[in-house]
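Data first, discussion second: the structure below is written as structure tokens.
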């Protein structure tokens, strides 16, 4: 059995996928991509049932995202033997060394025990963390990252900085906003955040714009 050093994010398709993605992004920033599993991480051509089981076998935590449509979707799959979201929760509830952390998003209620199948009724007995829209990041930090961080180590990170010089002719005494915007968008694709800029006039109708960027990277 591999070491349990990961976080598995469970959610229902058709429910709060966006919230699940945002939670995954915040967990990834804190603990690193290799420590977080979200179902889109399964590469094409891979047996997804085996992949999910492999991730579950090395997960220390399972975050169960419950949205307003969760109960209705559960009931609509009541006769579905391939309800993978349900199977994942069942595995989490009955596996030693795997802690289930259920969260309510978008004002969803705690699922009533009388609508839960017997194999996951224990879910209703676990304290649910509310993740509210207006305090989303604070709630994820307080209810998930803080607890998970007591067991899993945050990834080591450092800040890289970069200066890009963009030269262009002056247009009517103004800088070239289109060229600057294009450069900012180009660097954003590589994870760089634009933090500021400065114009240096060189005369002869030309200028150089210094664009300042930074990004957060893992320490090797």
Connecting C-alpha atoms closer than 10 Å in a GNM of the chain, tell me which of 66, 120, 46 has the biggest fluctuation. 46
Could you bin all the Cα-Cα distances of segment 1-132 into 10 Å bins starting at 0 and give me the percent of pairs in each, rounded to whole numbers? 12, 46, 36, 6
Value of relative contact order over segment 6-148, rounded to a whole percent, pairs C-alpha under 8 Å and six or more apart: 26 percent
Helix 84-93 sits at what angle to the longest principal axis of the chain, using alpha carbons and giving 0 to 90 degrees rounded to 10? 70 degrees
For the chain, longest principal axis from Cα atoms; helix 177-188 axis from its Cα atoms; angle between them, nearest 10 degrees, is 40 degrees
What does the C-alpha gyration tensor say about the overall shape of segment 61-120? Classify as rounded when a/c is under 1.5, otherwise prolate if a/b is larger than b/c, or oblate. oblate
If one puts a single equal scatterer on every Cα of segment 61-162 and applies the Debye formula without solvent, what log₁₀ I(q)/I(0) results at q = 0.25 Å⁻¹? -1.43
What Rg and what Dmax come out for segment 87-145 when only alpha-carbon atoms are used, in angstroms? 12.6, 35
How much of the DSSP beta bridge set in the chain is antiparallel, as a percent to the nearest 5? 60 percent
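Which value, to two decimals, describes the C-alpha radius of gyration of segment 1-71 once divided by 2.2 N^0.38 Å? List each step's numbers first, then the result.
On the way: Rg = 12.2 Å, N = 71, 2.2 N^0.38 = 11.1 Å.
Working it through for segment 1-71, the quotient is 1.10.
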Just to confirm the number: angle between the C-alpha axis of helix 17-31 and the first principal axis of the chain, 0 to 90 degrees, nearest 10? 70 degrees
Take the chain, connect every pair of alpha-carbon atoms lying under 10 Å apart with a spring to form a Gaussian network, then pick out the residue of 90, 16, 209 with the largest mean-square fluctuation. 209
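Where a ≥ b ≥ c are the square roots of the eigenvalues of the C-alpha gyration tensor, would you call segment 157-218 rounded, which needs a/c under 1.5, or, failing that, prolate if a/b is larger than b/c, or oblate?
Working: a/c = 3.82, a/b = 2.33, b/c = 1.64.
Because a/c hits 1.5 or more and a/b exceeds b/c, segment 157-218 counts as prolate.
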P(r) for the chain, please, calculated from all Cα pair distances in 10 Å bins and given in %. 7, 26, 27, 16, 12, 8, 3, 0
Would you please report the Å³ per residue occupied by the convex hull of the alpha carbon atoms in segment 35-90? 106 Å³
Overall dimensions of segment 114-210 by Cα: Rg and Dmax, Å: 24.8, 79
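Every number in this text was worked out from the coordinates using simple rules, so none of it is lab data. Just so it is clear, the structure is predicted and the values come from calculations on it, not from any experiment.
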